[in-house]
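Student: The structure that follows is given in the form of structure tokens.
The values are calculated or read from the model by the stated rules, or taken from the named source; none is laboratory data. What you see is a predicted model; the values in this text were computed from it and never measured. Positions of Cβ are backbone-derived with ideal geometry, glycine not excepted, and every protein chain shown enters the neighbour counts.
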Amino acid sequence: MEAVLAKYENQFSEYLEELPEADEPVWILGECYNVKTKKSELLSDVRSRLWFTYRKKFSPIGGTGPSSDAGWGCMLRCGQMILAQALVCRHLGRDWRWDPEKHQPREYHRILSCFLDKKDSCYSIHQMEKQCQQPGRSDSEALHLHTQRPLDWRPLLLVIPLRMGINSINPVYIQAFKECFKMPQSCGVLGGKPNLAFYFIGFIDDELIYLDPHTTQQAVDSESGSAVDDQSYHCQRTPHRMKITSLDPSVALGFFCKSEEDFDSWCDLVQQELLKKRNLRMFELVEKHPSHWPPFVPPTKPEVQTTGAEFIESPDKLFESEEEFEILNV
């Protein structure tokens, strides 16, 4: 089984050669770099993104289910990466950089602990948000002090699912799609190819730069009480790239707005760069719910009863390729 997984993972690296020293700028989540003069800063930025991959030998899901997500968990890992990037922007700031030789701030370790393979990871995210507010104040008071805005505002991770074509991406959307990575609020894009999910963080010319979850690493013991070795949560290889035209048309754009002013600025950018300059729009902005749309009903948490055993498949079924894949709305 290990040999089959290794062969499966090797299919995903299109190429890993050095970034071309072209005159075209490189955009990474709202930051612009010149490869010729700022290559080290660019690579440091990419390495600093939290990288989540397949893991093996964690506690069996549901007690009797699989102990590895290799072969089926790539979209979940990409969803973790876009959420982790939002938390980094929220608590550390977009300009934060990871340095393996230096002590990381406690907010970083709290963020990382939220995504370790354990049962209470979602609860950990909620607790982290509360603990990072000022002690001795209520949630609403702490948020008001932090944002200096009305009490009903909360930091926002906005995920916009789109389909930019039928079987392949429509070329008329490509420039607008690239503009999204230039926005300061960019939190990346979920997408990839049928049954292959990637986390896209930027582009150079006509190539997308992405983090690839299709590497199986040993699960990290998060219950021992000792400090977690974070080396495996940062990709230190040359960034993966793929042609934009190779992208499956089903994607989900991610944006993080820390404050209400940040959201207003994002709306202005969308109007100027995506809506007014393009004949065919990827999406629309409206001030209120359209009257001809059905009423919005907030989703409820589904009741799921599973041991995880249904994920266990034979190798032949595990690696079958389907025509479609589903983008999860994180």
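Student: Between residues in region 231-257 that are aromatic (Phe, Trp, Tyr) and residues that are buried (at least 21 other Cβ atoms within 10 Å of the Cβ), which pairs lie under 6 Å by C-beta distance while being six or more apart or on different chains?
Tutor: Tyr233/Leu50; Tyr233/Trp51; Phe255/Gln185; Phe255/Cys187; Phe256/Ala86; Phe256/Cys89; Phe256/Gln185; Phe256/Cys187
Student: Can you tell me how many residues in region 82-101 are hydrophobic (A, V, I, L, M, F, W, C) and closer than 18 Å to Leu42 by Cβ?
Tutor: Residues that pass the stated criteria total 3.
Student: Is it true that Glu179 is of a type in the set (Asp, Glu), modelled with pLDDT of 95 or more, in a helix (DSSP H, G or I) and closer than 25 Å to Cys89 by Cβ?
Tutor: Yes, satisfied.
Student: Please state which of the following conditions Asp221 fails to meet, knowing it meets all the rest: (1) in contact with a Lys or Arg (Cβ under 9 Å, 6 or more places away or on another chain); (2) surrounded by fewer than 24 Cβ atoms within 10 Å (Cβ to Cβ).
Tutor: (1)
Student: Something else about it: Return the residues of region 157-176 that are assigned to a strand (DSSP E or B), farther than 20 Å from Ile28 by Cα and of a type outside the set (D, E, K, R); say none if nothing qualifies.
Tutor: Passing the criteria: Pro161, Leu162, Gly165, Ile169.
Student: On to the next question. Would you point out which residue out of Gly79, Gly71 is at pLDDT below 95, crowded, with 20+ Cβ neighbours inside 10 Å and touching a Leu at 6+ places or on another chain (Cβ under 7 Å)?
Tutor: So the residue among Gly79, Gly71 that is at pLDDT below 95, crowded, with 20+ Cβ neighbours inside 10 Å and touching a Leu at 6+ places or on another chain (Cβ under 7 Å) is Gly71.
Student: OK, next. Any chance region 76-85 includes a residue that's under 21 Å from the mean Cα position of the chain (by Cα), in a helix (DSSP H, G or I) and farther than 19 Å from Gly202 by Cβ?
Tutor: The initial filter retains those residues of region 76-85 that are under 21 Å from the mean Cα position of the chain (by Cα), namely 76-85.
Checking the rest, the ones that are also in a helix (DSSP H, G or I) come to 76-85.
Adding the requirement that they be farther than 19 Å from Gly202 by Cβ leaves 76.
For region 76-85, residues under 21 Å from the mean Cα position of the chain (by Cα), in a helix (DSSP H, G or I) and farther than 19 Å from Gly202 by Cβ: present.
Student: OK, next. With respect to the numbered conditions (1) modelled with pLDDT of 80 or more; (2) in a loop (DSSP other than H, G, I, E, B), which one is the sole condition not fulfilled by Asn329?
Tutor: Just one mismatch for Asn329, condition (1).
Student: Being more than 30 Å from Tyr54 (Cα to Cα) and small (Gly, Ala, Ser) is the requirement here; does Ser250 meet it?
Tutor: No.
Student: Here's another thing I want to ask about it. I'm checking my understanding of the structure. Among residues of region 24-55 that are among the aromatic types (Phe, Trp, Tyr) and either under 15 Å from the mean Cα position of the chain (by Cα) or modelled with pLDDT under 95 (or both), which one is farthest from Phe200 (Cα to Cα)?
Tutor: My answer is Tyr54.
Student: Also, quick follow-up: Considering each of Asp229, Asp264, Asp268 in turn, give the residue that is under 30 Å from Gly71 (Cβ atoms), among the charged types (D, E, K, R) and not in a strand (DSSP E or B).
Tutor: Sole residue among the options that is under 30 Å from Gly71 (Cβ atoms), among the charged types (D, E, K, R) and not in a strand (DSSP E or B): Asp229.
Student: Name the residues in region 241-261 that are of a type in the set (Phe, Trp, Tyr) and in a helix (DSSP H, G or I), would you?
Tutor: none
Student: Please go through region 38-62 and give me each residue that is assigned to a helix (DSSP H, G or I) and either in contact (Cβ under 8 Å) with a residue 12 or more places away in the chain or among the hydroxyl-bearing types (Ser, Thr, Tyr) (or both), ordered by number.
Tutor: Once the filter is applied, which keeps residues that are assigned to a helix (DSSP H, G or I) and either in contact (Cβ under 8 Å) with a residue 12 or more places away in the chain or among the hydroxyl-bearing types (Ser, Thr, Tyr) (or both), region 38-62 yields Lys39, Ser40, Leu42, Leu43, Ser44, Asp45, Val46, Arg47, Ser48, Ile61, Gly62.
Student: Oh, and also: Mind checking which residues of region 183-195 are at pLDDT below 95 and at negative phi?
Tutor: Hits for region 183-195 are Lys193, Pro194.
Student: Which of the residues that make up region 60-95 are under 25 Å from Lys258 (Cβ atoms) and out of contact with any Asp or Glu (no Cβ under 9 Å at 6 or more places or on another chain)?
Tutor: Those that are under 25 Å from Lys258 (Cβ atoms) and out of contact with any Asp or Glu (no Cβ under 9 Å at 6 or more places or on another chain): Cys78, Gly79, Gln80, Met81, Ile82, Leu83, Ala84, Gln85, Ala86, Cys89, Gly93.
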